Amino acid sequence: MRRLLLMGFMVAAVSPSGAEEQPVMTLEQCIESALSANAKVVVADEKLIEKEAAIKEAATGFLPKLSGSGSVSVLLEAPSMIMEIPMMPVQKIQTSARDNYSVSASFTQPLFAGGKIVNGYRIAEQARCVSEWQLKAARKDVTRDVTQAYYTVTAARKSLVALDTSIALLEQIVKDLKNAVEVGMRGEHELLQAEVQLQNQKMVRQQAANGVTAARGRLAVLIGKSINEPVNVTDSIVEPVSFDLPELESLIGKIGTEMPELKQMDHQLRILELSAKIAGSAYWPMLFTAAGFSGQVIGIDDREFQDSWSLSLALKWDIFDWGAALQKKKQMLSQARQLNTTKEEITKNMELAVKTGYLAVKDAFDNIAITRKSIEQSRRAYDITYDKFGQGVVPNSELMTAQSTMLQSEIAYYKSLSDYYSKRADIEYLFSSK
């Protein structure tokens, strides 16, 4: 009978109210929504578009440049000169027209730049690779954060259900105690103890409800919804069947190939190497060819268009720059050494973090079995205590303790599940392809 009563309380507790009848979102749906709407991913996507445009811009350095100009000038008075010839009247002679027209165009093609143009293009390509890994990092971050938030919400809701069930049981116990006190079978102090515990659990229940609201708000923000927009998730957490993570050595081996932070550093090192080459290209001459055209309208009365063409091969060489190019190159190489040292240190720290995280997941997995066993034992202990309480063998305080222990074991079980999936999400960050 007590088991049926307990099941009835649990069914009533998990039945959704009309105000919360929202479509239930799975973890995969939440992640998909976050990847399409989360600000971090959107910004990373835009950054990749920016770098694609930068590559196209750098590619224009290989192509010829065509430029042109034209001018029209209109004078208030036509230019003239006074000519005085002996024995002749003074003459005013117009030297040019009031309006003048000119046009020019130039065509320039670089032939050799000491590697400056090609290395600039390669830097743009490496910058795009950095952005690609930044996008992968953003997607992995969001996937991990959503996973952890999702299971936090689920565990909080399950804990709330456990509290509702416990409160319902306590209310029934209080009701039974009131009847027992009226007939003189139990003391009033036992009733007061039960009522105090009931009020305490109602207070804890209110705090837990606020926790659920906060957790759902965080999940809503992560998946691109308003903080006040309800996000309904499933009321169940599937217990893992086995510990199926790859071996620790395998995970550590993935650090250099899968960690976005380290891969970004690889491309940043390449950018610094190419920047050093660009600085060194200052020692080489720049060779380019140029073609030009210019024309203008000349004449006063019989006006005509006069044009001219030119073709040239130019060489520019900075023979002496007081060591500016050399110092610039030294700066780039120094920055590369600094970054490489930083990368080595980060790699060591990540190896330690992976090992620590792996062991944390293993502990969390083991805790699931422990807390599940604790639920079974606490429920059995409650049943035995309840029977003895009904027989008048044990005091009410023991029943309250058994009831509280059963509640805490259920909350601990759901927390252990949430901890497992949360810590697993930290490790899966290493080898997730999302």
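Read-outs throughout are calculated quantities, based only on the coordinates presented, and are distinct from any laboratory measurement. In this text the structure is predicted, and so the values were computed from the model without any measurement. So basically every Cβ, Gly included, is an ideal-geometry build from the backbone, and we count neighbours across all protein chains shown.
Rounded to the nearest 0.05, what FRET efficiency do SER73 and THR257 give with R0 = 41 Å and r taken as the Cβ-Cβ distance? Could you check?
On the way: r = 66 Å, r/R0 = 1.61.
Once the sixth-power term is evaluated, E becomes 0.05.
Tell me the label-point distance for the pair GLU344, LYS178, using the 7 Å Cα-to-Cβ offset, in nm and rounded to one decimal.
For the pair GLU344/LYS178, the computed spacing is 7.5 nm.
Which Cα, out of THR147, CYS129, ALA194, lies furthest along the positive dipole direction of the stretch 126-232 (beta carbon charges, K/R +1, D/E -1)?
Value computed over the given set: CYS129.
When the C-alpha atoms of the stretch 113-210 are aligned to their principal axes, what extent does each axis show, in angstrom, from largest down?
Projected onto its principal axes, the Cα set of the stretch 113-210 covers 105, 15, 13 Å.
Per residue of the stretch 32-46, in order, report the coupling 6.51 cos²θ - 1.76 cosθ + 1.60 (Karplus, θ = phi - 60°) as ³J(HN,Hα) in whole Hz, putting x for Gly and Pro.
4, 5, 5, 5, 9, 10, 5, 4, 4, 6, 4, 5, 5, 4, 5
Mind running the shape call on the stretch 211-321? Use the C-alpha gyration tensor, a ≥ b ≥ c as the square roots of the eigenvalues: rounded below 1.5 for a/c, prolate if a/b tops b/c, oblate otherwise.
Details: a/c = 5.50, a/b = 2.17, b/c = 2.53.
Oblate is the answer for the stretch 211-321, as a/c is 1.5 or above yet b/c matches or exceeds a/b.
Under a Cβ-only charge scheme (Lys and Arg +1, Asp and Glu -1), can you give me the dipole magnitude of the chain about the Cα centre, in debye to the nearest 20?
Here the chain has a charge dipole of around 780 debye.
Give me the tail of P(r) for the stretch 268-339 as a percent: Cα-Cα pairs with distance above 21 Å.
For the stretch 268-339, the fraction of Cα-Cα distances above 21 Å is 56 percent.
So, R0 is 45 Å and r is the distance between the beta-carbons of ASP318 and GLU32; what FRET efficiency does that work out to, to 0.05?
Working: r = 55 Å, r/R0 = 1.23.
The calculated FRET efficiency here is 0.20.
Can you give me the Kirkwood hydrodynamic radius for the chain, using every pair of distinct Cα atoms, in Å to one decimal?
Result for the chain stands at 29.8 Å.
Which residues does a label at VAL42 reach in the stretch 202-243, if reach means a backbone N under 11 Å from a point 7 Å past the Cα toward the Cβ?
So the set is 224-225.
How about the stretch 337-434: which GluC sites (Glu not before Pro) there are in a DSSP loop, with at most 15 other Cβ atoms within 10 Å of their Cβ? Each step should come with its number before you reach the end.
Details: sites: GLU344, GLU345, GLU351, GLU376, GLU398, GLU410, GLU428; in loops: none.
Here no loop site has a sparse enough neighbourhood.
R0 = 56 Å: FRET efficiency of ILE227 with GLU247, Cβ-based, nearest 0.05?
Calculated transfer efficiency: 0.85.
Which order do the peptides 204-213, 113-122 come out in when sorted by mean C-beta neighbours inside 10 angstrom, highest first?
Ranking, from highest mean packing down: 113-122, 204-213.
Roughly how many Å is it from the Cα centre of the stretch 122-192 to that of the stretch 37-62, as a whole number?
Distance between centres, Cα-based: 40 Å.
Say each of ILE82 and ILE370 gets a label point 7 Å from the Cα, pointing the same way as Cα to Cβ; how far apart are those two points in nm?
Once both label points are built, they end up 11.4 nm from each other.
Label-point separation (nm) for ALA214 and SER106, each offset 7 Å from Cα along Cα-to-Cβ?
Simple spin-label model gives 6.7 nm for this pair.
Here are some pairs, LYS158/LYS178; LYS51/LYS140; LYS254/LYS423; which of them have Cα atoms lying more than 24 Å apart in this structure? List each step's numbers first, then the result.
Details: LYS158/LYS178 30 Å; LYS51/LYS140 21 Å; LYS254/LYS423 18 Å.
Exceeds cut-off: LYS158/LYS178.
Using just the C-alpha positions of the stretch 97-168 as equal point scatterers, what log10 of I(q)/I(0) does the Debye formula give at each q in 0.23 1/Å?
Cα-only, vacuum Debye calculation for the stretch 97-168: -1.02.
Specify which residue in the list ALA113, ALA324, MET185 is farthest towards the positive end of the charge dipole of the chain, using unit charges on the beta carbon of Lys, Arg (+1) and Asp, Glu (-1), about the Cα centre.
ALA324
Classify the stretch 226-283 as rounded, prolate or oblate, taking a ≥ b ≥ c as the square roots of the eigenvalues of its Cα gyration tensor: rounded when a/c is under 1.5, otherwise prolate if a/b is larger than b/c and oblate if not.
oblate
Determine ³J(HN,Hα), in whole Hz, for all residues of the stretch 340-352 in sequence, where each value follows from phi through the Karplus function 6.51 cos²θ - 1.76 cosθ + 1.60 and θ = phi - 60°; x replaces Gly and Pro.
5, 5, 4, 4, 4, 5, 5, 4, 4, 5, 5, 4, 5
From the phi angles alone, apply the Karplus equation (6.51, -1.76, 1.60; θ = phi - 60°) to the stretch 134-148 and give each ³J(HN,Hα) in whole Hz, x where the residue is Gly or Pro.
Result, rounded to whole Hz: 5, 5, 4, 5, 5, 5, 5, 4, 5, 4, 5, 5, 5, 4, 5.
Using a Gaussian network model of the chain with C-alpha springs under 10 Å, which one of TRP133, TRP317, TRP309 is most mobile by mean-square fluctuation?
TRP309
Compare the peptides 287-295, 62-70 by average per-residue count of other Cβ atoms within 10 angstrom and give them in order, highest first.
Going from most to least packed, we get 287-295, 62-70.
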